[in-house]
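**Student:** Structure in structure tokens, see below.
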Amino acid sequence: MAMASSSLRMSTVFLVVLLLVHVAGHSPAAAFYLPGSYPQRYRPGDALAAKVNSLTSPTSKLPYPYYSLPFCAPGDGVRRAAESLGELLLGDRIETSPYRFSMLNSTAAPLFLCRTDPLDAGAAALLRSRIDDAYQVNLLLDTLPAVRYVRNLAVSPELVLRSTGFPVGVRADDGEYYVYNHLRLTVLVNRQNVSTRVETLMATADAAELISFSGGSGGGKDGGKDGGYTVVGFEVVPCSVDREEAAFNGVEMYDEVAAKATAGCEATVVGARVREDKPLVFTYEVRFAESDVAWPSRWDAYLDMGGAKVHWFSILNSIVVVAFLAAIVLVILLRTVRRDLAQYEELGGGGGVESGEAAADDLAAAAGWKLVAGDVFREPSHPLLLCVMVGDGVRILGMGVVTILFAALGFMSPACRGALVTGMLCFYLVLGVAAGYTSVALWKTMRQGDAAGWKAVAWTASLAFPGAGFAVFTALNGVLWHNGSTGAVPFLLFVVVILLWFFVSVPLTLAGGLLASRARHLDLPVKPTKIRRHVPSPPAPACSPWLLVAAAGTLPFGTLFIELFFIMSSLWLGRVYYVFGFLLVVLALLVAVCAEVSVVLTYMGLCVEDWRWWWRAFFASGSVAIYILAYAVYYLVFDLHSLAGPVSAVLYLGYSLLMALAVMLATGAVGLAASFCFVYYLFSTVKLD
């Protein structure tokens, strides 16, 4: 136990240090921030500053820094915003921008930002390349992304499309490239009334802020009457306006320019052409508008999924169909097993030689699973690999359940960028205990209580799947590094991930293995015989059990393929996915279906006197990964057909392979656990000679 306590101490100290470092880099209010409970309030005249995130594209999976293009920088220099671990892993690079304004102070005229240096051949070519790849500029204000509304005139004049961000530019029908160099920004604000507002005071900086708004002396013109204003919306209309360079001689940043300088700011009109040896002039204007949208509801416009009725109806229909099929399978299985048990009881009760022989014939015809009692718990081939895969599957499944549960309860709000990825990583690290314990416990059970070799099992469990995932991650990260993308994890964060693996995940996995090696093992109802029983050959190749295993994955895949479409669209097309309540229900149904499918195939194998059920039970439910990977290829060909370049395709296939492997381990662990419980119950119920 000394080794376990030492490992736990090391992991605890390392996590505490990381927590202290994280808290030290944030204000006290941010340290205790719970999404949805701490609105940022502004007085009239308070400064607001928009931030910029990485340039992203629906056709290229390589995000790039905003200032990699010739855009205007703040006068006091570009500063990086504090980002969480999840944001960095997702490729976010949030930086300050020159777009600044004051609360409720709409601009009377456009404001000048800057005039760039004349574009050289490289800068002009880079701009054209980013425009061809449909890269988007992502502005943020008070954590809200800028939203752009566009009328789809090709379909219907009344159809309005909503998207976050705006394009860098556009390529016109004449083949020329134009940059959006003027922004019309609209900030939607909600007035907070103290007399009607109900707030919960927490142990944060909220108290001081409430006092300053509620009473007395300081503040703007409405400081004593209301609770200030909150930002509830951020809209942008990009324009491409041709400018006369001479009109901006001697103009400083944030100086007002003549309104005629931005004439022609229409969505269908472009004028700022990308030309070599010519500078670009950037301007913007801002308008404030009061909105009835309450601060807790400000994300509704972003989380409103398109085609929600179709989505919900399809999910509900899938759940009903799969649940009905699963219920039928379960009823048939229970009736069959009960009939077998009843026949065995009749056989054991006697009744004459002839009746006994007839009963034996009927029994042999009904099921042959009792004949393999001496081999059913025999150690499978490659037991260490199976134990490790099951242990990693338990860890991945636990991580998914806890993460989805927290997200469904609202603890991982989109207002807290990167919270989902950070939570998944933390849960995965902590659940190393479950992986080590499960792997070693299964190892001991297979070996009838003999714990010899448990250290090799625990070490392999701590390094196998994390090592495979880290290898794929490193290879893909190298591709991103080579292309200069912000999606590449910084070197220091890369080192932190390695330290988390070796100083948190590995010790916790070893500690779980040690606990399992010292715990009492499960006594098997029957002991394996010394001589292996011959397994009859299938009557035809079409009856191969592995063909049934491959086909069994269709039922679990039918449970989640609709949800998988929306998840893939969220990951690769930039669409929002925030129906974690339904995802939790689908996950529960998936676990039930995987368990039932695995049990059915295990029982079918035992009935034909095939006692080698361990690996088949794992892959009966784990084979759903084959269909997920096939669907990923289908999605690449038919939904991501505009994907730009082989690099994006490599990234897509690499991450899809990693996702399919994780699903295989999780569902395989469920199938093996269900089959083991079934076999254990079956052979502990029957009296064996």
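**Student:** Scan segment 70-99 residue by residue and report those that are out of contact with any helix residue (DSSP H, G or I) (no Cβ under 7 Å at 6 or more places or on another chain), surrounded by 18 or more Cβ atoms within 10 Å (Cβ to Cβ) and outside any loop (DSSP other than H, G, I, E, B).
**Tutor:** The answer is Glu87, Thr96, Ser97, Pro98, Tyr99.
**Student:** Next up: Do we find that Val633 is open to solvent by less than 20 Å² (accessible area, probe 1.4 Å) and either β-branched (Val, Ile, Thr) or in a helix (DSSP H, G or I) (or both) in this structure? If you could, list the steps in order and put the result at the bottom.
**Tutor:** Working: open to solvent by less than 20 Å² (accessible area, probe 1.4 Å): no; either β-branched (Val, Ile, Thr) or in a helix (DSSP H, G or I) (or both): yes.
So Val633 fails the test.
**Student:** Right, another one. Kindly indicate the residue of segment 601-622 that is assigned to a loop (DSSP other than H, G, I, E, B) and either modelled with pLDDT of 95 or more or in contact with a Leu (Cβ under 7 Å, 6 or more places away or on another chain) (or both) and also surrounded by the fewest Cβ atoms within 10 Å (Cβ to Cβ) among those meeting that condition.
**Tutor:** Restricting to residues being assigned to a loop (DSSP other than H, G, I, E, B) and either modelled with pLDDT of 95 or more or in contact with a Leu (Cβ under 7 Å, 6 or more places away or on another chain) (or both), the top hit is Glu609.
**Student:** Exactly one of these conditions fails for Gly671: (1) free of Cβ contacts under 8 Å to residues at least 40 places away in the same chain; (2) closer than 27 Å to Val388 by Cβ. Give me its number.
**Tutor:** Tallying (1) free of Cβ contacts under 8 Å to residues at least 40 places away in the same chain; (2) closer than 27 Å to Val388 by Cβ, Gly671 fails exactly one: (1).
**Student:** Here's something else I'd like to know. For Trp454, all conditions in the list (1) open to solvent by 50 Å² or more (accessible area, probe 1.4 Å); (2) within 21 Å of Leu524 (Cα to Cα) hold save one; what is the number of the exception?
**Tutor:** (1)
**Student:** From the list Leu89, Leu140, which one is under 16 Å from Leu48 (Cβ atoms) and not hydroxyl-bearing (Ser, Thr, Tyr)?
**Tutor:** Details: Leu89 fails: under 16 Å from Leu48 (Cβ atoms).
Of Leu89, Leu140, the one residue that is under 16 Å from Leu48 (Cβ atoms) and not hydroxyl-bearing (Ser, Thr, Tyr) is Leu140.
**Student:** Where the second residue is among the acidic types (Asp, Glu) and modelled with pLDDT under 95 and the first is in the same structural domain as Pro238 (by the TED database) and open to solvent by 10 Å² or more (accessible area, probe 1.4 Å) and lies in segment 162-184, which pairs have Cβ atoms under 8 Å and are six or more apart or on separate chains?
**Tutor:** What qualifies is Arg171/Asp132; Arg184/Glu285.
**Student:** A further question on this structure: If I filter segment 413-451 down to residues being aromatic (Phe, Trp, Tyr) and within 30 Å of Glu87 (Cβ to Cβ), which single residue comes out as surrounded by the most Cβ atoms within 10 Å (Cβ to Cβ)?
**Tutor:** The first filter runs over segment 413-451 and keeps only residues aromatic (Phe, Trp, Tyr), leaving 427-428, 437, 443.
Retained after the next criterion (residues that are within 30 Å of Glu87 (Cβ to Cβ)): 427-428.
On the way: Phe427: 18, Tyr428: 22.
Per the criteria, the residue is Tyr428.
Conditions (1) over 21 Å from Ala289 (Cα atoms); (2) in a helix (DSSP H, G or I); (3) modelled with pLDDT of 80 or more, marked per residue:
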{"site": "Val189", "(1), (2), (3)": "no, no, yes"}
{"site": "Arg197", "(1), (2), (3)": "no, no, no"}
{"site": "Ala203", "(1), (2), (3)": "yes, no, no"}
{"site": "Leu210", "(1), (2), (3)": "yes, yes, no"}
{"site": "Lys225", "(1), (2), (3)": "no, no, no"}
{"site": "Glu235", "(1), (2), (3)": "no, no, yes"}
{"site": "Val241", "(1), (2), (3)": "yes, no, yes"}
{"site": "Val270", "(1), (2), (3)": "yes, no, yes"}
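**Student:** Any residue that is of a type outside the set (D, E, K, R) and in a loop (DSSP other than H, G, I, E, B) - is there at least one of those in segment 391-406?
**Tutor:** no
**Student:** Criterion first (crowded, with 16+ Cβ neighbours inside 10 Å and not hydroxyl-bearing (Ser, Thr, Tyr)) does Arg43 satisfy it?
**Tutor:** Yes: the conditions hold for Arg43.
The values are calculated or read from the model by the stated rules, or taken from the named source; none is laboratory data. These numbers were taken from a predicted model, which means no experiment stands behind them. Virtual Cβ from ideal backbone geometry, glycine too; neighbours counted across all protein chains shown. In case anyone asks, the SASA skips ligands and DNA or RNA and just uses the protein heavy atoms, side chains included. Shrake-Rupley method; radii C 1.70, N 1.55, O 1.52, S 1.80 Å.
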